[in-house]
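The values are calculated or read from the model by the stated rules, or taken from the named source; none is laboratory data. The structure presented is a predicted model; accordingly, all values stated were derived computationally and were not measured. No Cβ is skipped: glycine too gets one built from the backbone with ideal geometry, and neighbour counts run over all protein chains shown.
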Amino acid sequence: MDKLIGGLESIETVMEELKKAGKGHVALPKEQYSCPFRPSYMDQFASAMIERTLEWGEKKDRIETTQTAWTKIVLFVVEQMKEGYHDAMRQERRARHQQMKNSNAWNTAHSSLGEVGSTPQSGAVTTVQHDLMRRVKTIDNL
C-alpha cells in the first residue's frame, strides 16, 4: 500500500505492477496448495482489506471520507490485479489452444502418411494410396 500511495504521480507504473502481481497468481503451483487459485479469492481479499481499513486508527478519526477513500484504493488494487490475472489466463488458454492446433495438425499429417502401408481387406492397394506412395517416394528422393 505504501508503494501504491507513494506512486500516485506515476499511476501507469503502479497499474502495471498490480497487473503483474495478478498475473503471478496464474502460475501458482497447484501442488503447493490444496486447491487451485480462483479470482473470487481476490474479492474476498478486498472485503477483508476494506473491513480492516475501517478499523484502523482512532474511532473519532474514522470519518466517512477516509473510509470511502480507503475503500476506493482497495477496490482499485484488486481490480488491477484481477485484470492482470484474466489477461494471463487468456494468454495461457491461447497458447494451449495453439499448441493443440499444432499438435493436431502434426498428427493429421503423420496419420495420413501412416495409412500408406495399410491395405484394404481384399489386399488391393487403392488409387489414393498409390498416389500418396508415389508422392512420398518423390519427397524421399529430393
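When we screen Q98, Q67, Q91 for residues that are free of Cβ contacts under 8 Å to residues at least 24 places away in the same chain, surrounded by 12 or more Cβ atoms within 10 Å (Cβ to Cβ), part of a helix (DSSP H, G or I) and within 14 Å of the chain's Cα centre (by Cα), the only hit is Q91. If the condition is being within 17 Å of the chain's Cα centre (by Cα), surrounded by 14 or more Cβ atoms within 10 Å (Cβ to Cβ) and free of Cβ contacts under 8 Å to residues at least 24 places away in the same chain, then region 25-56 contributes only F37.
A residue that is of a type in the set (S, T, Y) and over 12 Å from the mean Cα position of the chain (by Cα) occurs somewhere in region 70-80.
Consider L113 carefully, then state whether it is surrounded by 11 or more Cβ atoms within 10 Å (Cβ to Cβ), at pLDDT below 75, on the phi < 0 side of the Ramachandran plot and touching a helix residue (DSSP H, G or I) at 6+ places or on another chain (Cβ under 9 Å). Judged against the criteria, L113 is a match.
In region 4-53, which residues are under 16 Å from K72 (Cα atoms) and of a type in the set (K, R)? If the condition is that a residue be under 16 Å from K72 (Cα atoms) and of a type in the set (K, R), then R52 is the only one that fits. Do we have any residue at all in region 69-92 that's at pLDDT below 85 and among the aromatic types (F, W, Y)? Checking region 69-92: not a single residue is at pLDDT below 85 and among the aromatic types (F, W, Y). Of the residues making up region 15-39, just one is modelled with pLDDT under 90 and either assigned to a helix (DSSP H, G or I) or on the phi > 0 side of the Ramachandran plot (or both), namely G24.
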